[in-house]
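Taking it in order: structure first as structure tokens, then the write-up.
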Amino acid sequence: MTGYIEPMVGRYVHVDIDGTMHRIYFEEAGQGIPLVCLHTAGSDNRQWRYLLADEEFTKHYRIIAFDLPWHGKSNPPANWDGSEYQLTTQRYTQTIRAFCKALDLNKPVVMGCSIGGRIVLNLAIDHAREFRALIGLEAADFQAPWYDTAWLNRPDIHGGEVCAALVSGLVAPQSPAEARMETLWAYKQGGPGVFKGDLYFYRVDGDLRGRTTAIDTKACPLYLLTGEYDFSCSPEDTVRTASGITGAEVTVMEQLGHFPMSENPAQFRRYIAPVLATIQQKHSS
Amino acid sequence: MKKSDPVSSAFEQLPTLLERDAALIQRGRLLDVDCLLGSTEHSYHVAIRAGRIADMVPAPVLMRSWTFGYRATPEAWTAFWQPMPKAGWHDLLSLTKRGAATLDGDIKPFMTHLQYFKDLLALPRGAGGAA
């Protein structure tokens with residue numbers, strides 16, 4: 001073969017989530033500490049392709065990025081009857097834990113962005129001892145709504161166009177055009193109602209205000225990183241959340257928005273490299 | 001009657017700037033709407049037909065109706081049109097979230113063509129903004 005083949009490998013694992021079998025697509029690369037990556041609402045694991053291709057990180061980490069059911073290449077389950085998709089806190093938590101169990105991951109690190117960042121906080125509240133460290137990107141216990149999600153799924157408006165256009169403003173203006181395009185392309189490809197269904201968790205079911213103070217960062221370190229251009233989960237939202245969590249480490253990332261790992265991978269790398277190095281050092285000592 | 005403030009001058013460049021952007025016109029090819037765009041001080045009745053600005057006159061016009069309106073403060077437009085706008089001043093909906101702009105009326109045409117309007121109203125950014 002003469003073509004350049006990227007290092008990540010994609011496979012399917014069958015995962016029992018609350019009694020229903022799901023065929024979950026995931027990609028992985030590297031070896032070492034398991035690092036499970038969670039994509040944003042309405043997107044899929046392609047957001048992590050730059051991290052999966054990082055030669056340095058994959059020397060020490062087994063990086064794994066999966067598509068939530070209904071997203072990317074993880075189809076809805078076989079018994080889905082077409083009823084409205086809605087992600088809940090319980091469902092999301094079950095999915096992550098079941099995926100980690102199916103792959104027999106030993107105390108993985110979980111890094112999630114946006115809804116993935118929010119659920120990381122819930123993992124820290126309820127299941128901290130199962131994880132080596134937790135990383136929340138664009139994460140907060142709550143953030144003020146800035147649009148009505150009813151616009152995301154209606155037959156007279158193109159869902160892909162409106163989903164992508166809404167989130168386009170969350171990409172920092174400094175982000176390279178090609179990475180911006182790719183980030184938005186995933187939103188144009190999402191299934192009907194899936195982004196809206198994810199936001200049910202974000203807007204309705206997953207309000208963690210008042211619960212995050214229970215997080216014990218001695219049981220599991222917590223790192224929160226938010227892009228300065230994210231006006232959905234703003235730096236102020238993250239700092240406010242962290243102020244109630246003893247030991248949580250907060251970083252505001254310059255020239256980044258709501259999709260740091262995909263909208264500007266090089267800039268994101270500057271911020272995530274020290275975090276991954278710290279976790280690795282704690283693992284080695 | 002032309003407005004003389006920098007923000008209004010930038011708005012009055014919109015038809016010319018749009019005509020130079022064939023891709024944006026193409027994306028708006030199915031859009032016909034009468035809307036009210038501008039600053040909270042001076043706004044314009046903008047008639048869009050097939051993605052082109054067919055007519056644009058300063059408001060108010062006696063008994064002229066519009067479907068939706070998007071208006072921001074002059075300070076917000078000036079910040080929005082900076083070559084590299086500061087965080088929170090970089091998107092039409094970040095301006096509404098922070099209370100520096102209003103979106104009202106029947107916003108369905110705005111939502112069906114959201115990226116079109118974001119790109120249309122950002123055109124002065126590449127043409128010197130409100131400087």
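Side notes on the structure shown:
- Under 17 Å between alpha carbons - lysine pairs in the stretch A:11-284 that sit 8 or more apart or on different chains: 6
- The distance linking the stretch B:45-75 with the stretch A:211-260 is 41 Å (Cα centroid to Cα centroid, whole angstrom).
- DSSP-assigned coil residues among GluC sites (Glu not before Pro) in the stretch A:1-62, each with at most 10 further Cβ atoms within 10 Å: A:Glu55
- Volume per residue of the convex hull around the Cα atoms, evaluated for the stretch A:11-284, comes out as 114 Å³.
- Each Lys and Arg Cβ is given +1 and each Asp and Glu Cβ -1; about its Cα centre, the stretch A:1-140 then shows a dipole of about 260 debye.
- Furthest towards positive pole of dipole, A:Pro155, A:Ala172, A:Gln189, structure part the stretch A:145-213, Cβ charges: A:Ala172
- Where chymotrypsin sites (Phe, Trp or Tyr not before Pro) fall in DSSP loop in the stretch A:1-75, at most 10 other Cβ within 10 Å: A:Tyr4
- Positive-end residue, the stretch A:223-266 charge dipole about Cα centroid, Cβ charges, pick of A:His258, A:Ile245, A:Phe231: A:Ile245
- The stretch B:6-124: relative contact order in percent, alpha carbon pairs under 8 Å with at least 6 residues between: 26 percent
- Relative packing of A:220-226, B:29-35, A:93-99, which averages over residues the other C-beta atoms within 10 Å, highest first: A:220-226, A:93-99, B:29-35
- Cα-derived Rg over Rh, computed across the stretch A:77-233 with Rh taken as Kirkwood radius: 0.98
- Reciprocal mean inverse distance between Cα atoms of the stretch B:6-124 - Kirkwood radius, Å: 14.2 Å
- Among A:Tyr85, A:Thr2, A:Ala128 the positive-end extreme of the charge dipole of chain A (Cβ point charges): A:Ala128
- Percent of beta bridges antiparallel (DSSP, the protein assembly as shown, rounded to nearest 5): 55 percent
- The dipole here belongs to the stretch B:6-124: it is taken about the Cα centre, uses +1 on the Cβ of Lys and Arg and -1 on the Cβ of Asp and Glu, and is about 260 debye.
- Applying both filters, DSSP loop and at most 12 other Cβ atoms within 10 Å, to the trypsin sites (Lys or Arg not before Pro) of the stretch A:108-155 eliminates every site.
- Charge dipole (debye, nearest 20) of chain A; +1 at Cβ of Lys and Arg, -1 at Cβ of Asp and Glu: 640 debye
Read-outs throughout are calculated quantities, based only on the coordinates presented, and are distinct from any laboratory measurement. Keep in mind that this is a model prediction, so the values were computed, not measured. So basically every Cβ, Gly included, is an ideal-geometry build from the backbone, and we count neighbours across all protein chains shown.
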